[in-house]
Amino acid sequence: MSVRTKRLGQTLLVHLDGELDLHSSEPFKQTVLQAFASDRRLRNVVLLMNGVSFVDSSGVGAILGRYRDAVARGGRLAVVGLQVPVKRVFELSGMLKILPEYESEGHALANL
Amino acid sequence: MMASPGNYVKIEFPSVTENIKFARTAAAIYATDHFEAITVDEVDEIKVAVSEAVSNAIVHGYGHGNGLVRLTMSIEDGAIVIVVEDEGKGIDDVDWAKEPTNTTSPDEHMGLGLVFINEYMNDVTIMSQPGHGTVVRMVKVPSRQRTGAA
């Protein structure tokens, strides 16, 4: 799993690549927490997930945790580019009822 | 060619999280090796189910402590049978654990692991004895039954 971030105003863009499970969700979690801790202006998160081929309930839990972090700062968390198996897991877990999904990074940024 | 009767694969590994990916990948290879017509969706479902069962063994069975997890895969009557075993603390109430959102974990686990396993596998049996461990037996029946070269 690779996690790369970029700051854009109040929004943290997080590029995820690989498989998100109990093991790989920890670096993802720590990366977002550290970014939030180091910049008080940050309040939104956009997860760019085109490169994520697998998510299980631990991955869902890690994303939900970051959603709560964003909401606690008055912000939002959006997802972009869900692959078919990832989208099924999101649907089954009810994540798409609370997380907006956008076609592109541009759409997400325009709507946050 | 049909799988040889009684043939199986058994893998044993320490209860550390870096082995979760290996376990689900091994199960995916086993499934595609024995059922060449298995769908991509079905392989993805097996991967999620194995990932959940192995994660549960590590988190709930051993509480992230030392232990061994066993993954056994076999073919029975046109189905893939996957068994994940641990010798951890066991589950006090299996029916309670199966309910969505019920979890004994204090962090970000949502209690959805067994929900995914039940949704994605055709038959699931959980046997657990408090203090002695847990056995999760999961059966997947591929919708297209043409078998592989195994």
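Holding the Cα-Cα limit at 19 Å, pick out from B:LYS10/B:LYS98; B:LYS21/B:LYS47; A:LYS97/B:LYS21 the pairs that are longer than that.
Beyond 19 Å: B:LYS10/B:LYS98; A:LYS97/B:LYS21.
Provide the per-residue ³J(HN,Hα) series for segment A:33-49, in order, calculated from phi with Karplus coefficients 6.51, -1.76, 1.60 and θ = phi - 60°, each as a whole number of Hz, with x at glycine and proline positions.
Each residue's phi maps through the Karplus curve to give 4, 5, 5, 5, 5, 8, 9, 5, 6, 5, 9, 10, 10, 10, 8, 8, 10 Hz.
What is the set of long-range amide H partners of A:ARG76 at a cut-off below 5 Å, with H atoms built 1.01 Å from backbone N?
A:ASN44, A:VAL45
Let me know the charge dipole size of the protein assembly as shown about its Cα centre in debye, to the nearest 20, where only the beta-carbon of Lys, Arg (+1) and Asp, Glu (-1) is charged. Numbers along the way, then the final one.
On the way: 25 positive and 33 negative charges, 228 e Å.
Roughly 1100 debye for the protein assembly as shown.
Using θ = phi - 60° and the Karplus form 6.51 cos²θ - 1.76 cosθ + 1.60, what ³J(HN,Hα) does each residue of segment A:91-98 get, whole Hz, x for Gly and Pro?
In residue order, the calculated couplings are 5, 5, 8, x, 4, 6, 6, 10 Hz.
Give a residue-ordered list of calculated ³J(HN,Hα) values for segment A:6-14 (Karplus: 6.51 cos²θ - 1.76 cosθ + 1.60, θ = phi - 60°; whole Hz; x for Gly, Pro).
My calculation for segment A:6-14 gives 8, 9, 9, x, 8, 10, 9, 8, 10 Hz in order.
Over segment B:37-87, what is the mean sequence separation of C-alpha contacts under 8 Å (at least six apart), divided by residue count, expressed as relative contact order in percent?
In percent, rounded to a whole number, it is 31.
What value in Å³ per residue do you get for the convex hull of the alpha-carbon atoms in segment A:27-106? Can you show the working numbers first?
Values: hull volume 7.3 nm³, N = 80.
So the per-residue Cα hull volume is 91 Å³.
Would you mind checking which residues have amide H under 5 Å from A:PHE54's amide H? H placed 1.01 Å from N; only 5 or more apart, or other chain.
Residues meeting the amide H criterion: A:LEU20.
Could you tell me which GluC sites (Glu not before Pro) in segment B:1-68 are loop residues by DSSP with no more than 14 other beta carbons within 10 angstrom of their beta carbon? Don't skip to the answer; put the middle values down first.
Values: sites: B:GLU12, B:GLU18, B:GLU36, B:GLU42, B:GLU45, B:GLU52; in loops: B:GLU18, B:GLU36.
Sparse-neighbourhood loop GluC sites (Glu not before Pro): B:GLU18, B:GLU36.
Against the longest alpha carbon principal axis of chain B, how many degrees, from 0 to 90 and to the nearest 10, is the axis of helix B:40-56 turned?
The helix B:40-56 is inclined about 30 degrees to chain B.
Magnitude of the Cβ-charge dipole of chain B, K/R +1 and D/E -1, about the Cα centre, nearest 20 debye?
Values: 11 positive and 22 negative charges, 83 e Å.
With only Lys, Arg, Asp and Glu charged at Cβ, the dipole is about 400 debye.
Can you find, among B:MET73, B:ALA53, B:MET138, the residue farthest towards the positive end of the dipole of chain B? Put +1 on the C-beta of Lys and Arg, -1 on that of Asp and Glu.
B:MET73
For chain B, what does the relative contact order come out to in percent, with C-alpha contacts under 8 Å and a separation of six or more? Intermediate values should be presented prior to the final figure.
Values: 310 pairs, mean separation 47.5, N = 150.
Value for chain B: 32 percent.
Laboratory data are not the source of any read-out in this text; all were calculated from the coordinates shown. As the structure is a prediction and not an experimental result, all values here were calculated from the model. As a convention, Cβ positions derive from the backbone with ideal geometry for all residues, glycine included, and neighbour counts pool all protein chains shown.
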